[in-house]
1. What Kirkwood Rh does region 205-249 have if only Cα atoms enter the pairwise 1/r average? Answer in Å.
2. How much net charge surrounds residue 178 when only the other residues with a Cβ under 12 Å from the Cβ of residue 178 are counted, with Lys and Arg +1 and Asp and Glu -1?
3. If you wrap region 90-189's Cα atoms in a convex hull and average its projection over all directions, what's the area in nm²?
4. Can you give the local net charge around residue 139? Use residues other than it whose beta-carbon is closer than 15 angstrom to its beta-carbon, Lys and Arg +1, Asp and Glu -1.
5. Do me a favour and compute the ellipsoid semi-axes for region 252-291 from its Cα gyration tensor, root of five times each eigenvalue, largest one first, whole Å.
6. I need the phi-derived Karplus couplings for region 132-141: 6.51 cos²θ - 1.76 cosθ + 1.60, θ = phi - 60°, integer Hz, Gly and Pro marked x.
7. From the phi angles alone, apply the Karplus equation (6.51, -1.76, 1.60; θ = phi - 60°) to region 157-168 and give each ³J(HN,Hα) in whole Hz, x where the residue is Gly or Pro.
8. What are the residues whose amide H is under 5 Å from the amide H of residue 236, where those residues sit 5 or more places off or on another chain and H is modelled from the backbone?
Amino acid sequence: QGFERTAKQNFGGGNTAWEERKLSKYETSEIRLMEIVEGLCESSSFECNHMVEEHEEQLETWWFKRKTKHPDLHKWFCIETIKVCCPKGTFGRDCNSCVGGSERPCHGNGVCDGDGTRGGDGKCSCNHGYTGEFCLDCTDGHFSAARNDTFSLCTECHTSCKTCTGATNQDCHECKEGWREDDQEACVDVDECSGEPSPCREDQYCLNADGSYSCRACDNVCSGCTGAGADRCQSCAGGYHRSEGTCADVDECSQSDPVCTEDNQKCINTHGSYMCVCTGGYEEKDGKCVHTVPPG
């Protein structure tokens with residue numbers, strides 16, 4: 001990356017021709033080497049920075065004397081000289097080939113432990129959908145769409161299948177939980193919401209989904225419901241009544257029989273209820289509205 005980043009740079013003084021005449025070419029200069037070396041490590045990597053500092057002299061030797069014959073810095077420095085790296089697709093002290101070979105470690109379906117380093121054991125960590133020592137087998141929920149001794153393509157089953165041989169819901173070996181086999185031997189959704197009793201609480205309604213269901217809270221105007229909204233109530237909650245197919249607020253304050261019976265009280269309607277408050281010039285004391293005594 002440092003080579004690419006500095007490839008089109010110069011000394012930065014504004015007069016490239018003069019600088020290169022007096023200071024030699026930037027392309028092969030020590031300044032460019034320093035900029036490349038500074039970019040070799042992430043700023044937070046103490047180990048990498050320490051290693052670069054420790055082998056600074058060897059890096060300079062490569063830059064001025066070996067670069068033409070050994071143009072690949074990573075190979076010359078990291079793999080062949082200080083021997084802390086391995087070529088891609090190999091691992092361990094002797095840079096052995098990963099499982100599946102160095103060209104396609106883990107047969108292209110996983111990650112080789114220690115790949116490119118002098119550590120690791122070369123074992124494969126398989127990608128999603130793949131399993132086995134060589135990452136050639138398919139996990140549950142996937143089927144083998146193509147396979148030979150060195151290649152395997154595992155494809156996801158239909159969402160209804162636990163195991164399968166193909167991509168449709170008729171290719172299931174076994175249905176997942178929340179699905180059942182129909183007369184055509186296809187896995188279809190189980191509608192948990194159609195059964196009795198409902199799997200949800202009395203203040204909830206059931207919403208079916210593919211392979212599952214959810215319980216949603218009824219509208220607060222309802223006492224039991226079959227769906228969302230005030231028009232899906234089985235009955236109305238206290239303080240509400242049925243009106244034109246929906247549950248609406250009862251205005252207790254407009255009823256013929258007064259609900260606020262104390263002297264100097266007035267009624268204020270609220271959603272699903274009401275309040276009794278003292279009229280102007282009066283305040284509540286011990287459940288009674290008494291005349292407000294002016295201060296002083």
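No value in this document is a laboratory result; all are computed from the given coordinates. Since we're looking at a predicted model, the values are computed, not measured. For neighbour counting, all protein chains shown are included, and Cβ atoms are generated from backbone atoms with ideal geometry for every residue, glycine included.
1. Values: mean 1/r = 0.0924 Å⁻¹.
Across region 205-249, the inverse of the average 1/r is 10.8 Å.
2. On the way: positive: 162, 176, 180; negative: 177, 189, 191, 192, 210.
Its environment carries a net charge of -2.
3. Its Cα hull, projected and averaged over all orientations, spans 6.8 nm².
4. Values: positive: 147, 162, 176; negative: 133, 137, 140, 156, 174.
Combined, the nearby Lys, Arg, Asp and Glu give -2.
5. On the way: eigenvalues 74, 21, 13 Å².
So the three semi-axes of region 252-291 are 19, 10, 8 Å.
6. For region 132-141, the Karplus curve yields x, 4, 10, 6, 10, 8, 9, 7, 3, x Hz.
7. 5, 4, 4, 7, 8, 7, 9, 7, 10, x, 8, 9
8. 223
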